[in-house]
Amino acid sequence: MRIKFWGVRGSTPAPQPENMRYGGNTSCVEVRFRDNLYIFDCGTGFRVLGQALRHEFQDRPISAHIFVSHFHWDHIQGLPFFGPLYDNRENHFQFHCSSRTRNLKRVLEDQMATPYFPVGLTEMQARQNFYDLEEGRIDLGEVSLQTLWLNHPQGCMGFRVESKDGVVVYATDNEPGDALFDKNVRKLAAGADILIYDSQYLPEEYEHHRGWGHSHWREAINVVTESGAKELILFHHDPEHDDACLDKVIREARNYYPRIRAAAEGMQIELK
C-alpha cells in the first residue's frame, strides 16, 4: 500500500513562497493498494493528482474510488479542475460521500453553474457514479473501509482503510471535546499503521477557535497514544502556518511522541 499527499492545507490554498516546502494546496490524499486507486478529498491538490494520473496512464483508462469527507470549499475546490474527468468515456470515477446536507452530484453541478464556472458538468466525459455514505463498513474487494462521523460543523466523515499491507486512517476536520466524536476518532485509529489527523491550530490558537471544527497537534498526540496507532501524520495545516512554524511544531511534538511527521505535498509512505 502506498499513501501519497497531493494537498495538505486547510481552509484555503496558501501558495506563498514561505509555505512551499510543506505545500499550499488543500486536502487530497491518494492511497493505492496494488492496482486499485482510492482518493480522499478533492481540494486543490486533486488538480495536481489529475495531471500526474494523465501522465502515468497516457491512453489507458483511469478508474478510482473517490471519498469526499464533506463539502466545505477546501475539500471540493479541485473537482472542476480534475483533468481525467473531461478526457474520455473509458475513465470511471466512483464518488462516495454522505448526502446528509446535499447530494455530491448537485454540489458539483452548482459549483460549475453560472456565474461560478465557465463550463458545465456535461463537459465531463468520464463515467461517474455517486454513492451515499453513512457510518458502517464497505467491502471494496481487497480493501475494507470503515466510516464514522467526526465533530465538524455540518458534519465530516472519517475513514479507516484496512488491507493486507496495513491500516491507514484519514481523519481530517475534527474538533475534540465531544465524548461521542472523541470515541469515534479513537475507534477509527485503533492500532492503525498510519493516522492522518487534523492539526490545524496551535494549542494556544485553539482556545480562540472553539466551535470551528478543528484540532491541534497536542490533541493529535492524545489520539495516537490513546488509540495505539503507530505513526502520526499532522494534516490540514493552517494557511497562516509557514514552513518554519511547522518545523517548530514537529520538533516540539516529538518530545511527546517520536513517530510523527507533518504532511507535505509529494510525501509518500509505503506499507508492506
Pairs of Cα atoms under 8 Å, at least six residues apart: use those to get the relative contact order of the chain, whole percent.
19
With DNA, RNA and ligands ignored, accessible area of Arg218 (1.4 Å probe; Å², nearest 10)
70
Centre separation in Å (Cα based) which lies between the stretch 10-58 and the stretch 159-198:
20
For the stretch 52-195, what is the accessible area per residue in Å², given a 1.4 Å probe and the full set of protein chains?
46
With the 8 Å Cα cutoff and a minimum separation of six or more residues, the stretch 1-72 has a relative contact order in percent of 29
Among bridges DSSP assigns within the stretch 10-84, what percent are antiparallel (round to 5)?
60
Judged on accessible area alone, 1.4 Å probe, highest first, Glu270, Glu265, Glu240 line up as Glu240, Glu270, Glu265
Would you check the accessible area of Arg9, probe 1.4 Å, heavy atoms only, in square angstrom rounded to 10?
0
Sequence gap at least 6, Cα distance under 8 Å: using those rules, report the relative contact order of the stretch 9-131 to the nearest whole percent.
22
From DSSP H assignment alone, runs of 4+ in the chain each adding -39500 (n - 2.57), the sum over residues rounded to the nearest 500 puts [θ] at 222 nm at -6500 deg cm²/dmol
For Arg254 paired with Glu135, estimate the spin-label separation in nm (one decimal), with each label point 7 Å from Cα along the Cα-to-Cβ line.
3.7
Note on the chain, DSSP bridge orientation, antiparallel percent to nearest 5 equals 50
Taking all protein chains as present, what is the carbon and sulfur share of the accessible area of the stretch 89-219, in % to the nearest whole number, probe 1.4 Å?
48
Regarding the stretch 181-272, what are the three Cα extents along the principal axes, ordered largest first, in Å?
37, 30, 23
Report Cys28's accessible area, 1.4 Å probe, all protein chains in place, as a number in Å² to the nearest 10.
0
On alpha-carbon atoms, Rg over Rh for the chain using Kirkwood Rh?
0.95
Calculate how many DSSP beta bridges within the stretch 126-272 are antiparallel, expressed in % of all such bridges and rounded to the nearest 5.
55
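If you take the beta carbon distance between Ala264 and Thr12 as r and set R0 to 22 Å, what does 1/(1 + (r/R0)^6) give as a FRET efficiency, to the nearest 0.05?
0.75
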Members of Lys105/Lys164; Lys164/Lys230; Lys230/Lys272; Lys164/Lys248 lying beyond 24 Å, as alpha-carbon distances in this model show:
Lys105/Lys164; Lys164/Lys248
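The values are calculated or read from the model by the stated rules, or taken from the named source; none is laboratory data. Since the structure is predicted, the reported quantities are computational estimates derived from the model, not experimental observations. No Cβ is skipped: glycine too gets one built from the backbone with ideal geometry, and neighbour counts run over all protein chains shown. Surface accessibility is based on the protein's heavy atoms, side chains included, excluding ligands, DNA and RNA. Shrake-Rupley method; radii C 1.70, N 1.55, O 1.52, S 1.80 Å.
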